[in-house]
Amino acid sequence: SIFIYTSEQVMRSSSKSKNALMALLLTACVSALSAQSLVDGLAAIVGQKAILYSEVEQMAQLIAAQQRLDPYQNAQAYNQLRYTALDELINQQVLLEYARRETIEVKNRDVEKQVDQLMSNLEQQYGGLDQVELAFGISPVKIRRYYQDQIQSNQIIDAVKRELFSNIKVSRREVEQFYTENQDSFPKINPSADFSIISLPISAGANALAATTDTLLSIRKRIDSGAASFEDMAGRYSQDPGSAANGGNIGLTSRGTFVKPFETAAYSLNDGEISGVVETQFGLHLIKLVERRGDKINVSHILIKPVAGLQDSVALRDSLTQIRDDILADKETFAAAAKKYLLDPDLKARNGRVGKTDLSTMPPEMQTLLSTLVVGQISNPFPALDQYNIVLVHERYPGGKLTLQNNWFELESMKLQQKQMARLQKWIEQQREKMYINVKMIL
């Protein structure tokens with residue numbers, strides 16, 4: 001599918017583009033679930049699978065979103081997109097039907113790992129899955145189920161493609177010929193750099209946590225004494241914009257909605273009871289259990305986020321300086337230090353190696369540093385995106401026109417992809433002739 005991004009793609013995007021990718025993922029989910037309420041009809045049948053009008057409409061909406069096409073201002077173009085969408089869905093089902101016949105399967109743990117990463121990204125971006133539900137009116141359980149179905153299909157399709165592409169290779173002569181034939185049509189590229197990074201978040205230290213804890217305890221004392229209600233205190237002090245206006249109320253939720261510390265504390269309460277101070281990745285909370293209905297709970301909370309002070313930033317900078325000094329003194333390699341200290345699981349698995357990255361996708365301070373740092377040199381610690389970082393530049397690549405000397409990897413990848421797509425298109429055409437396909441959609 002062209003619409004489900006892997007956690008790898010999301011992780012390696014800049015903050016700005018990462019938000020755009022996550023928005024597109026949510027758009028996919030919202031479109032899919034809202035389309036279920038439409039009066040449906042049969043658009044096509046592929047083998048044993050029926051493709052519904054609602055699925056075509058969902059796909060068309062997503063293609064339009066990618067192409068930034070307004071369906072209302074470009075009705076004719078959007079109507080044509082519906083046929084493009086149907087063709088894409090048929091091709092997907094051809095791949096899935098082939099996988100079913102050949103018993104090509106994927107491991108559930110691989111699907112769940114990617115789903116967990118996507119849900120974690122949503123949770124971090126919106127400040128909790130409860131906030132996603134408030135913003136879009138879709139329960140986290142439904143979002144998760146949608147992602148599971150889509151990612152499982154994607155991984156099966158990828159497995160079929162790997163089988164098809166396993167023996168496709170490109171020779172040096174093919175790459176050179178590809179470059180010669182297309183060099184005038186290649187777009188100019190931005191400068192890029194291959195680098196590794198160790199990033200640590202600037203987090204509130206013990207003093208900030210203690211001060212915030214004292215604030216919440218004084219709030220609870222006022223509530224317990226009857227001087228103020230939980231709802232009044234939430235409206236006045238809570239830093240959760242999604243629930244503060246509702247007196248801190250999140251509403252009725254199921255297990256799996258909240259991060260573990262919050263959920264554990266909430267489910268341990270009795271009706272009307274208020275928790276002690278609970279720490280999560282989003283800050284410190286007071287939680288009130290409004291009521292319990294079976295295995296669902298209606299909860300309210302007051303969230304206050306400890307603010308990291310100057311001393312916290314200085315302490316983190318000094319820690320990274322020591323890590324850098326140890327690497328320069330050959331006490332450990334950059335890769336070993338990255339694996340030891342990084343919190344991001346994907347970067348940790350790659351020993352901090354980000355790889356070749358378009359500098360235009362990076363924050364301004366990172367662009368400047370990666371453009372000027374000597375290759376092989378480790379930077380001093382620097383702040384960016386609420387983190388302190390050190391980077392090691394492995395190689396730098398100039399922008400401008402593609403050349404065989406500077407962009408061999410990209411050209412080789414482009415030629416390989418061209419051969420793969422030609423193989424895939426021919427294979428799908430052959431499979432479509434063999435399979436039962438009945439197109440019923442008339443627009």
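Could you list, in sequence order, the residues of segment 101-111 that are loosely packed, with under 15 Cβ neighbours inside 10 Å and assigned to a helix (DSSP H, G or I)? If the condition is that a residue be loosely packed, with under 15 Cβ neighbours inside 10 Å and assigned to a helix (DSSP H, G or I), then R101, N108, R109, D110 are the ones that fit. Can you find a residue that is of a type in the set (V, I, T) and farther than 28 Å from T84 by Cα anywhere in segment 401-417? Checked against the condition, which is being of a type in the set (V, I, T) and farther than 28 Å from T84 by Cα, segment 401-417 yields at least one hit. Close Cβ contacts (under 8 Å, 6 or more residues apart or on different chains) running from residues in segment 256-278 that are assigned by TED's automatic domain parsing to the domain that holds T213 to residues that are among the aromatic types (F, W, Y) and not in a strand (DSSP E or B) comprise V259/F282; A266/F258; I274/F230; V278/F262. Consider segment 105-132. How many of its residues are among the β-branched types (V, I, T) and closer than 19 Å to D240 by Cβ? Residues flagged as among the β-branched types (V, I, T) and closer than 19 Å to D240 by Cβ within segment 105-132 amount to 1.
Figure legend. Inter-residue proximity from segment 292-307: first residues free of Cβ contacts under 8 Å to residues at least 40 places away in the same chain and of a type in the set (D, E, K, R), second residues surrounded by fewer than 24 Cβ atoms within 10 Å (Cβ to Cβ) and assigned to a strand (DSSP E or B), beta-carbon distance below 9 Å, spacing 6+ or different chains. Indicated pairs: R292/N298.
Checked against the criterion of being buried (at least 19 other Cβ atoms within 10 Å of the Cβ), out of contact with any Gly (no Cβ under 7 Å at 6 or more places or on another chain) and of a type in the set (G, A, S), segment 71-93 contains one or more residues that satisfy it. Taking the criterion of being in contact (Cβ under 8 Å) with a residue 60 or more places away in the chain and within 29 Å of the chain's Cα centre (by Cα), the residues of segment 399-442 that qualify are G399, N407, E410, L411, E412, M414, K415, L416, Q418, Q420, L424. Please state which one of V314, V374, V290, V307 is modelled with pLDDT of 90 or more, β-branched (V, I, T) and part of a loop (DSSP other than H, G, I, E, B). Just a single option satisfies the conditions, and that option is V374. P383 meets all of the listed conditions (1) part of a loop (DSSP other than H, G, I, E, B); (2) out of contact with any Asp or Glu (no Cβ under 7 Å at 6 or more places or on another chain); (3) in contact (Cβ under 8 Å) with a residue 12 or more places away in the chain but one, namely (1). For segment 332-353, how many residues are of a type in the set (A, V, I, L, M), at pLDDT 95 or above and either in contact with a Phe, Trp or Tyr (Cβ under 7 Å, 6 or more places away or on another chain) or buried (at least 18 other Cβ atoms within 10 Å of the Cβ) (or both)? Looking only at that region, the number is 2.
The values are calculated or read from the model by the stated rules, or taken from the named source; none is laboratory data. Computed from a predicted model, the values in this text were never measured in an experiment. Backbone-built Cβ (ideal geometry, glycine too); neighbour counts: all protein chains shown.
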